[in-house]
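K.L.:
For reference, the structure I am asking about is given below.
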Amino acid sequence: MMELVKNRQSAYRIVIPAQAGSCIRYAADELARYIEAVSGAKLPIVEDGAAPVEQEIVIGGAQRPGVPCASALKNDGYIIKTEGSRLFILGENGRGCLYGVYGLLEAYLGCRFLAREVEVIPEKADICLPELDETKVPPLEYRETYWYEPERFGDFAMKRGFNASITQPYEEHLGGSIQALGLAHTFFSFLSPEEFFDEHPEYFSLVGGRRIREETQLCLTNPDVKRIVKERLREAIIAHPECKMFSVSQMDWYNPCECPECARIDAEEGSHMGTVLRFVNECADSIAEEFPDVVIETLAYQYTRQPPKITKARPNVCVCLCSIECCFTHPLRQCDRISVPFKYIAEPGATFQQDLVGWSKVCSRMMIWDYTTNYRFYLTPMINLHVLQDNMNFFLENNVTFLFEQGNAQSMSGEFGELRAYLLSKLMWEPKGDVNTWMTDFLEGYYGAGAAKPIRAYIELLQSYVTEYHVHAGIYENPMDVIPNALIPKMDALWDEAEAAAEDEAKLARIRRSRLQVKFVKQHRRRVTDADFAEEGEKLISEIIEHGIDYVQEGVARDTSFAQIRTGYLPDSWQTFWKPQPVKTAAKSISEHD
């Protein structure tokens, strides 16, 4: 047993390497700050040029007897190890050291980092640590959740173990982040119709017997196209040394090339991905020796979602598969319901599950672009908390090492965005971990112990409902097709109970902000012809504004009328042919349940 603090006093000091970078210095500062916040004891920080003493916390490979070897660490992993009276915290890199500090604080001091401004810091006069020999290596090399706070605030993202943000890179003192030059639809950044089509239409898709300029793709078997893209890819890598991932991927529409050679390869491979993957492999081969740490990413999306029969991805190629069309109220490995327009999915009969398993046989480095909110209405209850763990393990079983869990990063959440980001962060490090305990920790810390019980009951009420009635929901659902009237009184009663149990004004505000999901469903189910529809809608909009929620739909700001919000959002290109259908279940329909 190591007595780190006794009666709010400590003989310990923190030791860092003399040549430590800003991230390890920040890790030492954070450890000292939180130990003082917990116990009142202020630990000094010294460099390893100082003469050793017995009672030290050694961070980042400082020169001290007994320092463990960290050479086997990967994916920002860390080691926490006691040797006699010393405690060592080592990481694969600076980020790993910082993760190790937060890991120690969470696991052994009881700190909880729930949201950027919501932390649970216990008060203790004594801090005693058991004998430790712990190595933590997350299974994912790329970890990002596109939820508001971890996406926009690197200091909080580090506490939650994320290492990437497409919104903005983390600062140097936070260890930086994995940066990518593009993640999707990048062909034209290397070779565009504006630059080349007039003189070289043969560089672009042959469709229906002619080369097309609008909504075209590249002719991926053309030797000049290969040469130009390889040259410009190398130039991009040199120009962006901060990036370790570069996207070479199809544009966001159809029209793959049908020229004889492209058609021959695609027929041979049984997928339009045949030409794409062979092309991307050549690009990856061209830079592999000069840039061994660079990963080339491409999409398995729409017409390229199905894996090829012959070609395998190179080790430095990452294939990104998207779950956009799936049902998210059931585990992805079990449910093959299609939730978006047919035009936007792969060939008839193909399922996301089949394609992921198929890709795992030809690609050792998969990326999943997953979805965790309702993009049509951010305030609609997204009943998916109970499937997150199974989905995570399904991904990992199939060679997924890069994971982008897209949520609502445009705005604070009026649903359970903060809880969802917390659970995802935990699962990215511990996919077999105890989700129930994590949820309890979050609910009690974020909403208060008294309110946590009815809010947990509310979550379980919705989960039980979708399970019993086999309710499927995608990411563009109408709340009237997901939540029946019969549930609303029960939902309201549980939130009434939560509000009544609020411990203080800050927790009450968080309870009321999360309750907006129920108010939104209720208002959405009103008839536009109801006498109070406009008045109640304005009240709801005012409350949304009061709680600092800027966006209620993807790309749609809050400064609009509820009647406009209720019309709903779908991408313009979907409006003409996508008509959401009432949900029917295996046994009952929602209307029957209602």
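The values are calculated or read from the model by the stated rules, or taken from the named source; none is laboratory data. Every value quoted in this text rests on a predicted model; they were computed, and no experiment measured them. Ideal geometry is used to build each Cβ from the backbone, glycine not excepted, and the neighbour counts take in all protein chains shown. We work out accessible area using only protein heavy atoms, side chains counted, and drop any ligands, DNA or RNA first. Shrake-Rupley method; radii C 1.70, N 1.55, O 1.52, S 1.80 Å.
K.L.:
Across 5 Å bins from 0, what is the distribution of all Cα-Cα pair distances for region 168-221, in whole percents?
P.N.:
Values per bin, smallest distances first: 4, 17, 22, 14, 9, 7, 7, 8, 7, 3, 1, 0.
K.L.:
Computed on alpha carbon atoms, what radius of gyration and Dmax characterise region 318-429, expressed in Å?
P.N.:
Looking at region 318-429, its Cα Rg and Dmax stand at 13.9, 41 Å.
K.L.:
Largest first and in whole Å, what are the equivalent-ellipsoid semi-axes of region 222-278 based on the Cα gyration tensor, each being the root of 5 times an eigenvalue?
P.N.:
Over the Cα atoms of region 222-278, the semi-axes work out to 26, 13, 10 Å.
K.L.:
Over region 218-365, average the accessible area per residue using a 1.4 Å probe and give it in Å², no decimals.
P.N.:
With the other protein chains kept in place, region 218-365 gives 39 Å² per residue.
K.L.:
Where only protein heavy atoms count, and the probe is 1.4 Å, what is the accessible area per residue for region 450-543 in Å²?
P.N.:
42 Å²
K.L.:
Run the accessible area of region 257-333 with a 1.4 Å probe and give the carbon-and-sulfur part as a rounded percent.
P.N.:
52 percent
K.L.:
Per residue, how much accessible area does region 385-438 show when a 1.4 Å probe rolls over the protein heavy atoms, in square angstrom?
P.N.:
25 Å²
K.L.:
Just the number, please: percent antiparallel of the DSSP beta bridges in region 1-136, rounded to the nearest 5.
P.N.:
Antiparallel bridges make up about 65 percent of those DSSP assigns within region 1-136.
K.L.:
Using a basic spin-label model with each label point 7 Å from the Cα along Cα→Cβ, how many nm lie between Val53 and Glu468?
P.N.:
Here the answer is 6.3 nm between the modelled labels.
K.L.:
In Å and from the alpha-carbon atoms only, list the Rg and Dmax of region 420-502.
P.N.:
For region 420-502, the Cα radius of gyration and maximum Cα-Cα distance read 14.5, 39 Å.
K.L.:
What FRET efficiency would be calculated for the residue pair Thr437, Ile338, taking the C-beta separation as r and a Förster radius of 41 Å, to the nearest 0.05?
P.N.:
0.70
K.L.:
At 7 Å along Cα-to-Cβ for each site, give me the label-to-label distance between Trp253 and Glu499 in nm.
P.N.:
Inter-label distance under the simple model: 4.9 nm.
K.L.:
Here is a further query. For region 402-494, state which trypsin sites (Lys or Arg not before Pro) are in a DSSP loop and have at most 10 other beta carbons lying within 10 Å of their beta carbon.
P.N.:
Listed in order of number, the matching sites are Lys432.
K.L.:
Another question about this same structure. How would you rank 447-453, 542-548, highest first, on the average number of other Cβ atoms within 10 Å across their residues?
P.N.:
In descending order of packing, they fall as 447-453, 542-548.
K.L.:
Now for a separate question. Treat each spin label as a single point 7 Å out from the Cα along the C-beta direction, and report the Glu199 to Ala18 distance in nm.
P.N.:
5.9 nm
K.L.:
Next question, about the same structure. With charges set only on the Cβ (+1 for Lys and Arg, -1 for Asp and Glu), what does the dipole of region 1-104 come to about its Cα centre, in debye to the nearest 20?
P.N.:
I would put it at about 140 debye.
K.L.:
If you place +1 on the Cβ of every Lys and Arg and -1 on the Cβ of every Asp and Glu, how big does the dipole about the Cα centre of region 108-237 come out, in debye to the nearest 20?
P.N.:
The dipole magnitude comes to about 420 debye.
K.L.:
Quick one: compute the contact order of the chain, relative version, from alpha carbon pairs under 8 angstrom and 6+ residues apart, as a percent.
P.N.:
With pairs under 8 Å counted, the relative contact order is 11 percent.
K.L.:
Oh, and also: For Arg213, project a label point 7 Å along Cα to C-beta. Then give me every residue of region 187-203 with its amide nitrogen under 19 Å of that point.
P.N.:
Output list for this probe position: 188-203.
K.L.:
Give a quick list of chymotrypsin sites (Phe, Trp or Tyr not before Pro) in region 256-328 that DSSP marks as loop, anything other than H, G, I, E or B, with at most 10 other Cβ atoms within 10 Å.
P.N.:
none
K.L.:
For the chain, divide the Cα radius of gyration by the Kirkwood radius and give the resulting Rg/Rh value with two decimals.
P.N.:
1.00
K.L.:
Using every Cα-Cα pair within region 14-130, state what percent have a distance larger than 19 Å.
P.N.:
Above the 19 Å cut-off, region 14-130 has 44 percent of its Cα pairs.
K.L.:
What part of the accessible area of region 423-568, given as a whole %, is carbon or sulfur when the probe is 1.4 angstrom?
P.N.:
Of all accessible area on region 423-568, carbon and sulfur atoms account for 47 percent.
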